[in-house]
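Since the structure comes first, as structure tokens, the remarks are kept for the end.
Each reported figure results from applying straightforward, stated rules to the coordinates on display, with no laboratory input. A quick note: this is a predicted structure, and the numbers were derived from the prediction, not measured. Ideal geometry is used to build each Cβ from the backbone, glycine not excepted, and the neighbour counts take in all protein chains shown.
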Amino acid sequence: MPKLNRQELHNLAMNIVGKDLEDHGYEFLGVNSELKKNPQFVALKDQKLHFVIVRAIEYPDDPSAYDPVFFKEIKEHADKFNARTFYAAVGLANSSDYDKPVTSEEDYVVNYSGWKEI
């Protein structure tokens, strides 16, 4: 069974967060699914700009942990555009055995609690 690579895991996380943003009435102005390009979503809601950084986090890593130095840089960039900045971590694990990798042929478990402002 082929293990999902980092880009495929990232795309999966992007789909989960994108659907959530859409369900909450956000309008996408820009979407960047390329790894290491930030933010992943530039969205508009209530005439306010939002930058959303998305990360796919594989078990056993903690989806709620993040690098404050990295986010400080992103936040400073967003402030130039008078945008709010959010972090959306999507924890992913193989549903049959958390210690196995996420594959394209098996079900997976999602640990996602929405986006948090930074």
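A few remarks follow.
- Within the stretch 72-102, tally of residues that are surrounded by 15 or more Cβ atoms within 10 Å (Cβ to Cβ), of a type in the set (S, T, N, Q) and more than 14 Å from the chain's Cα centre (by Cα): 1
- Qualifying positions in the stretch 32-58 - of a type in the set (Lys, Arg) and either touching a residue at least 24 places away in the same chain (Cβ under 8 Å) or more than 27 Å from Tyr98 (Cβ to Cβ) (or both): Lys37, Lys45, Lys48, Arg55
- Count - residues of the stretch 84-100 that are within 18 Å of Phe28 (Cβ to Cβ) and of a type in the set (Gly, Ala, Ser): 1
- Restricting the stretch 1-31 to residues that are charged (D, E, K, R) and in contact (Cβ under 8 Å) with a residue 60 or more places away in the chain, the residue that is farthest from Val52 (Cα to Cα) is Lys3.
- Of all residues in the stretch 1-23, those being closer than 16 Å to Ala89 by Cα, over 10 Å from the mean Cα position of the chain (by Cα) and either of a type in the set (Ser, Thr, Tyr) or surrounded by fewer than 19 Cβ atoms within 10 Å (Cβ to Cβ) (or both) number 5.
- Flag if Asp61 is within 22 Å of Asp97 (Cβ to Cβ), out of contact with any Phe, Trp or Tyr (no Cβ under 7 Å at 6 or more places or on another chain) and without any contact (Cβ under 8 Å) to a residue 40 or more places away in the chain: yes
- Residues (part of a helix (DSSP H, G or I), of a type in the set (Phe, Trp, Tyr) and within 22 Å of Tyr26 (Cβ to Cβ)) located in the stretch 52-83: Phe71
- None of Leu9, Leu44, Leu35 is part of a strand (DSSP E or B) and either within 23 Å of Glu73 (Cα to Cα) or not β-branched (Val, Ile, Thr) (or both) except Leu44.
- When the residues of the stretch 24-71 are filtered to those that are within 18 Å of Leu12 (Cα to Cα) and of a type in the set (D, E, K, R), the one that is surrounded by the most Cβ atoms within 10 Å (Cβ to Cβ) is Arg55.
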